[in-house]
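Just below is one structure, and these are the notes that go with it.
FYI, it's all coordinate maths here, none of it is from the lab. Just so we're clear, the structure is a prediction, and the values are computed from it rather than from any experiment. As a convention, Cβ positions derive from the backbone with ideal geometry for all residues, glycine included, and neighbour counts pool all protein chains shown.
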Amino acid sequence: SVNTIHMHPDGSKIGHNTDGLGLVADICINKRCQLESSRILILGAGGAARGVMAPLLEAKPAQVHIANRTAAKAETLANLFNDLGSISSSGYEDLIAAKPFDVIINATTPASDGAMPNLPEGLVGAKTLVYDMTYATSDTAFMQWGRSLGGVPSNGLGMLVEQAAESFLIWEDVRPKTRMVYPRLQVMLA
């Protein structure tokens, strides 16, 4: 999926997706969570998950596991990126909580009723970053679930800021400093 169009002087246009770069920047810089050698679980196998896969894998995690309501869709997404790193896939019902993941990313469409898929409790540990790619003025059902299991919840507001900075870099050849934007947005949305 494309979220940034770069128009060149010759009239040509190139589409980019800065979501993954924004997600990785938010997790690594703002949340101070190391992705290298980490175990990452991605919930969902749609466009949001697909848009962040390459930058996540470029961060060199030990493992990325994609879980989806439909296991075949998770497998299809994993196969698209299996040349970039260690990827596995399953349906939600096949998730096994052998040990907690370091990062769990919710890339699903938020349910209007706030319902969560039935997931094993052992997926979340005391230091697990439970990251919802959506953002709202209050905790999502996913963030509440993660917090109830002792994880560290976060929403996607930082990802939004960081992906916008990446888009600006493409357009203007300058990446704006984002350090002060995120806290100001939090105040505005409170």
| message | For Thr128, what residues show an amide H to amide H distance below 5 Å, using hydrogens built from the backbone and excluding near sequence neighbours? | response | Val152
| message | Between 0 and 90 degrees, rounded to the nearest ten: what's the tilt of helix 71-81 against the longest Cα principal axis of the chain? | response | 40 degrees
| Radius ratio Rg over Rh of segment 130-190, counting only Cα atoms, Kirkwood formula for Rh | 1.07
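Determine the gain in length on full extension of the stretch Ser148-Asp173; use 0.36 nm per residue of separation and subtract their C-alpha separation, reporting nm with one decimal. It would help to have the intermediate numbers written out before the result.
Working: separation 25, 0.36 × 25 = 9.00 nm, distance 4.26 nm.
Full extension from Ser148 to Asp173 adds 4.7 nm.
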| Among Ala71, Ser167, Gly151 the positive-end extreme of the charge dipole of the chain (Cβ point charges) | Gly151
| Contour excess over end-to-end distance, with Cα ends at Ala62 and Thr109 and 0.36 nm allotted per residue | 14.3 nm
| query | Once the Cβ-Cβ distance between Glu121 and Leu84 is put in as r, and R0 is 30 Å, what FRET efficiency do you end up with, to the nearest 0.05? | reply | 0.50
| request: Along each of the three principal axes of the Cα atoms of the chain, give the extent in whole Å, ordering the values from largest to smallest. | output: 52, 40, 33
| Using a simple spin-label model with points 7 Å from Cα along the Cα→Cβ vector, what separation in nm is obtained for Ala54 and Glu93? | 3.5 nm
| Quick one: how many lysine pairs in the chain have C-alpha atoms under 27 angstrom apart, if they're 8 or more apart or on different chains? | 11
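Kindly provide the helix-only [θ] at 222 nm of the chain, computed as the sum of -39,500 (n - 2.57) over DSSP H runs of four or more divided by all residues, to the nearest 500 deg cm²/dmol?
Values: 6 runs with 63 residues, N = 190.
After summing the helix terms and dividing by residue count, I get -10000 deg cm²/dmol.
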| remark: Taking a crude spin-label model, label points 7 Å out from Cα along the C-beta direction, the Arg69 to Arg184 distance in nm is 3.9 nm
